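Below is one structure, written out as structure tokens; the observations come after it.
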Amino acid sequence: MIKAVTKWVMLLFALWQCQASFGSPSVDRDAFTAFFQARFPDIPLAEYANGIYAIDLDAREQWQEIEIFPPYEFTLDQGRTLWEEKFADGKTYADCFVGSESGVRQLYPMFDKSSGEVVTLEMALNQCREKHGLPSLEYGGEHLVALSAFMAFQSRGNPINVTVATDDPDALAAYEDGKRFYYTKRGQLNFSCFDCHVTSVGQYVRADRLGPGLGQPTHFPVYRSKLGGMISLHQRFYGCIRDVRAKPFELQSREYRNLEYFLTYMSNGLEVNGPGARK
């Protein structure tokens, strides 16, 4: 027990060192993964794709019951219908996403060299619409969330494979910006993402336990029971920033896209299992 705690503390210190460094993203990811494996040595690495249900066994049982008749089924049906609808030129979303028949969710977000910015799946869907003469969908809106939910479902079982090209200074800068966001304290409560989802992981906030940062992007979008509907990952970012009493950024802002880039890269190798259901 003492050895396990000592290893956990040492790895936590290593993560703090990673925060201040500009080293290899793969080194960051190894340290991030090692921390959770030391903190919860009995949890198989693959289980982190299930978020909080990897470490909260009581909540896991409730979640497994919910998944018998998942509350996101109607959203999946809506997303499938939207996906299969033909544009005015006869094309569909599938024409914009090579390999979509076997799932492409695991490749996003990705850094686009031509624009010099991170492109999320939601942004790519709107770019597809614009390419075929259609107006963009509202970020966080019902239709875009339904489409991303369907694409996540298509990709279930595919391991996340987000690339940060170490020979591309712009891609590295976007990664480092997302990393900086993750570690930066903000708001009246002076909390960072790291404070809640790494150092305090598993602890209670009122009646709920704080989930692990490792694996968080794998199951989005999710159905939130307390909201009675689906939300995107960026809507969750928005809510977290608001909850620490800081001013949230706009959905699909550069800040949130870079944060998603960093956080998803940290979960490389874990399987996509979205859409999900959470409290």
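The values are calculated or read from the model by the stated rules, or taken from the named source; none is laboratory data. What you are looking at is a predicted structure, and each value in this text was computed from that prediction instead of being measured. Cβ coordinates were reconstructed from backbone atoms using ideal geometry, including for glycine residues, and neighbour counts include every protein chain displayed. To get the accessible areas, we keep the full protein, side chains included, count just its heavy atoms, and leave off ligands, DNA and RNA. Shrake-Rupley method; radii C 1.70, N 1.55, O 1.52, S 1.80 Å.
Here is how the numbers come out for the structure above:
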| quantity | calculated |
| --- | --- |
| Pair list, Cβ < 6 Å and 6+ apart or interchain, from segment 248-271 residues that are without any contact (Cβ under 8 Å) to a residue 24 or more places away in the chain to residues that are surrounded by fewer than 20 Cβ atoms within 10 Å (Cβ to Cβ) | P248/Y238; P248/R242; F249/E255; Y256/F249 |
| Residues satisfying the stated conditions in segment 189-241, i.e. aromatic (F, W, Y), open to solvent by 70 Å² or more (accessible area, probe 1.4 Å) and under 18 Å from the mean Cα position of the chain (by Cα) | Y238 |
| Selection within segment 138-160 - open to solvent by less than 30 Å² (accessible area, probe 1.4 Å) and either of a type in the set (V, I, T) or at negative phi (or both) | G141, L144, V145, A146, L147, S148, A149, F150, M151, A152, S155, I160 |
| Counted residues, segment 246-279 - those being under 13 Å from E176 (Cα atoms) and surrounded by fewer than 21 Cβ atoms within 10 Å (Cβ to Cβ) | 2 |
| Residues located in segment 102-134, provided they are without any contact (Cβ under 8 Å) to a residue 24 or more places away in the chain and exposed (fewer than 15 other Cβ atoms within 10 Å of the Cβ) | S114, S115, E130 |
| Conditions (1) under 27 Å from G229 (Cα atoms); (2) surrounded by 13 or more Cβ atoms within 10 Å (Cβ to Cβ); number of the one not met by L45 | (1) |
| Filter result for the condition that a residue is closer than 21 Å to N126 by Cα, of a type outside the set (F, W, Y) and not in a strand (DSSP E or B), over L227, L251, L214 | L251 |
| Residue check, A88 more than 25 Å from F181 (Cβ to Cβ), assigned to a loop (DSSP other than H, G, I, E, B) and of a type in the set (G, A, S) | yes |
| Residue match in segment 165-181 (condition: part of a loop (DSSP other than H, G, I, E, B), open to solvent by 20 Å² or more (accessible area, probe 1.4 Å) and either touching a Ser or Thr at 6+ places or on another chain (Cβ under 8 Å) or free of Cβ contacts under 8 Å to residues at least 24 places away in the same chain (or both)) | yes |
| Which numbered condition I68 fails, given (1) part of a helix (DSSP H, G or I); (2) open to solvent by 30 Å² or more (accessible area, probe 1.4 Å); (3) farther than 29 Å from D168 by Cβ | (1) |
| Single match in T75, T33, T92 (criterion: of a type in the set (S, T, Y), open to solvent by 20 Å² or more (accessible area, probe 1.4 Å) and without any contact (Cβ under 8 Å) to a residue 12 or more places away in the chain) | T92 |
